[in-house]
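See structure below.
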Amino acid sequence: MTLTRILLADDEEDLRVSTTQALDLAGFDVIACDTGEAVLTRVGFGFDGIVITDIRMPGLDGLSLMNRIHEIDRDIPVILITGHGDVQLAVRAMRAGAHDFVEKPFSGTQLAGIAGRALEYRQLVLENRVLRAAAGQADDLEVRLIGRTPAMVDLRRQIRTIGPSDADVLIMGETGTGKEVVARTLHDLSARKPKPFITIDCSALPETQIESELFGHEAGAFPGAMRARYGKFEHARGGTILLDDIGAMPLALQGKLLRVIQDRVITPLGANEARDLDVRFIATSRTDLGEEVNAGRFRADLFYRLNVVMLRMLPLSARADDIPLLFSKLLIEAAARHRVAEASAPPHVLAEVAARDWPGNVRELRNAADRFALGLGLTPRASDAAPPDEGARLADLVADFERSVLVSALTAQHGNLRPVYEALGLSRKSLYEKMQKYGLDKGQFSG
């Protein structure tokens, strides 16, 4: 079957409507979104389509959206729509992994031709994955969740079993063990795959707006509510809601969430009638919720309601035999992401990686792979620091590490500052000051 699915992101309504109409007339199945975040809710590993995005949008811009998509599946084609002055930026984006770009103003025929070729490429990628799986090579699930230890083999077996079901799932494990990867995989294996995958960070919900954010509100529900607004629950209709770090959810809200999960209904603020909600819930927790229940910090009834199926993610320390294989795979991904020559780790490096403790788990191991791919060596351990009598002060060590992080980020983004300061949580001014401090110039990285 020929692929036709396109996700279109553009914050300008007129251009979004006209582009959608042109692609519809060309025979494509278009889902138009006004933000990059809305696109991310519909993209998963194995997504059977492509993404077209304006390069300049508030919030998540086109380049940042492309990078986020390629973290999920680096073979999803992303086509950038650029303004007249953005061509050089688009060329750099091509080097960073964009499939193609089209400059405004463009014709519907021109864009349709580019989109058609991108869809042909995507179809070839997906067909090759099926052929590799049929030939006994790693399937999509083994690519996402690397490991040959019995624990990982059993985890993949459980995911294949429960993924296609509609059962709610609780995933528990330490930070960085891949809980969100498993959650998205469960969504992608289900019939809900074409529908949104909405992530709710329970540790970052604004206390004064929690109910409005989740349940939505009617016009006039409170001062300043000039018009009705859908909450995150309704945005996920037909899809999956990931309750990330649910152990951090305030107790007062846990009771309201219990009713939503139990009855599959919501009542927006200011509304008189409940609305049916067709979603699947997946929750993650980095703390043991059973212990949280005993400590009185988590509702027992909510715990049992969520715990239809439980998956436990093991830390790397419990599956050390998987570390060399996982590091090698992350190294390939890092080379592709940073557009550097692909290099395999020599045996002595793999031995060192396997011998180390990785308290940050896969997330920390990925950072080490990024550093190694960029020629910066492995992430330093605290025990590697020289003692004070050898002249290495803590301030110097921190400065060296901070400079290496900046160099890595600037190299990955080819000197494009905006995605660097957004990724590192800095203001633009702070990034400039740090670059000046360490003698860095964006021109060094823009080649």
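Just to check your reading of the model, which residue among G270, G247 is touching a Lys or Arg at 6+ places or on another chain (Cβ under 8 Å) and over 17 Å from V308 (Cβ atoms)?
Values: G270 fails: touching a Lys or Arg at 6+ places or on another chain (Cβ under 8 Å).
Result of the check over G270, G247: G247.
Among the residues of the stretch 39-65, count how many are without any contact (Cβ under 8 Å) to a residue 40 or more places away in the chain and touching a Pro at 6+ places or on another chain (Cβ under 9 Å).
0
Consider L186 against the criteria (1) farther than 22 Å from G36 by Cβ; (2) assigned to a loop (DSSP other than H, G, I, E, B): it satisfies all of them except one. Which criterion is unmet?
Here L186 meets the rest and fails (2).
Got a sec? Which of M66, M57 is closer than 21 Å to R337 by Cα and of a type outside the set (D, E)?
M66
Can you pull out the residues in the stretch 308-358 that are in a loop (DSSP other than H, G, I, E, B), under 29 Å from R68 (Cβ atoms) and of a type in the set (D, E)?
From the stretch 308-358, those in a loop (DSSP other than H, G, I, E, B) are 308, 314-315, 319, 339-346, 356-358; that's our starting set.
Okay, now just the ones that are also under 29 Å from R68 (Cβ atoms), so 314-315, 319, 339-345, 356, 358.
E342, the sole residue that qualifies.
For L242, indicate whether it is in contact (Cβ under 8 Å) with a residue 24 or more places away in the chain, touching a helix residue (DSSP H, G or I) at 6+ places or on another chain (Cβ under 6 Å), aliphatic (A, V, I, L, M) and outside any helix (DSSP H, G or I). Walk me through it before giving the result.
Working: in contact (Cβ under 8 Å) with a residue 24 or more places away in the chain: yes; touching a helix residue (DSSP H, G or I) at 6+ places or on another chain (Cβ under 6 Å): yes; aliphatic (A, V, I, L, M): yes; outside any helix (DSSP H, G or I): yes.
It is true that L242 is in contact (Cβ under 8 Å) with a residue 24 or more places away in the chain, touching a helix residue (DSSP H, G or I) at 6+ places or on another chain (Cβ under 6 Å), aliphatic (A, V, I, L, M) and outside any helix (DSSP H, G or I).
Counting only residues that are outside any helix (DSSP H, G or I) and more than 23 Å from L141 (Cβ to Cβ), how many does the stretch 19-49 have?
Restricting attention to the stretch 19-49, the residues satisfying the condition of being outside any helix (DSSP H, G or I) are 26-35, 41-49.
Among the residues that remain, those that are also more than 23 Å from L141 (Cβ to Cβ) are: 26-35.
Counting residues in the stretch 19-49 that are outside any helix (DSSP H, G or I) and more than 23 Å from L141 (Cβ to Cβ) gives 10.
Which of the residues spanning the stretch 402-429 are over 15 Å from L440 (Cα atoms) and of a type in the set (S, T, N, Q)?
The first filter runs over the stretch 402-429 and keeps only residues over 15 Å from L440 (Cα atoms), leaving 418-419, 422-427.
The answer is S427, and nothing else.
With the requirement that a residue be out of contact with any Asp or Glu (no Cβ under 8 Å at 6 or more places or on another chain), in contact (Cβ under 8 Å) with a residue 40 or more places away in the chain and not in a loop (DSSP other than H, G, I, E, B), what does the stretch 262-280 give you?
Q262
Only residues that are touching a residue at least 60 places away in the same chain (Cβ under 8 Å) and assigned to a loop (DSSP other than H, G, I, E, B): list them for the stretch 1-17, please.
T2, L3, T4, D10
Across the stretch 173-229, what is the number of residues that are among the aromatic types (F, W, Y) and more than 23 Å from the chain's Cα centre (by Cα)? Talk me through it step by step, then tell me what you get.
Filtering the stretch 173-229 for residues among the aromatic types (F, W, Y) gives 197, 215, 222.
Retained after the next criterion (residues that are more than 23 Å from the chain's Cα centre (by Cα)): 215, 222.
Residues meeting the conditions: 2.
Which ones in the stretch 281-296 are without any contact (Cβ under 8 Å) to a residue 12 or more places away in the chain and touching a helix residue (DSSP H, G or I) at 6+ places or on another chain (Cβ under 6 Å)? Walk me through it before giving the result.
From the stretch 281-296, those without any contact (Cβ under 8 Å) to a residue 12 or more places away in the chain are 291, 293-296; that's our starting set.
Within the stretch 281-296, just V293 meets the criteria.
Laboratory data are not the source of any read-out in this text; all were calculated from the coordinates shown. Remember, it's a predicted structure, so these values are computed and weren't measured experimentally. Positions of Cβ are backbone-derived with ideal geometry, glycine not excepted, and every protein chain shown enters the neighbour counts.
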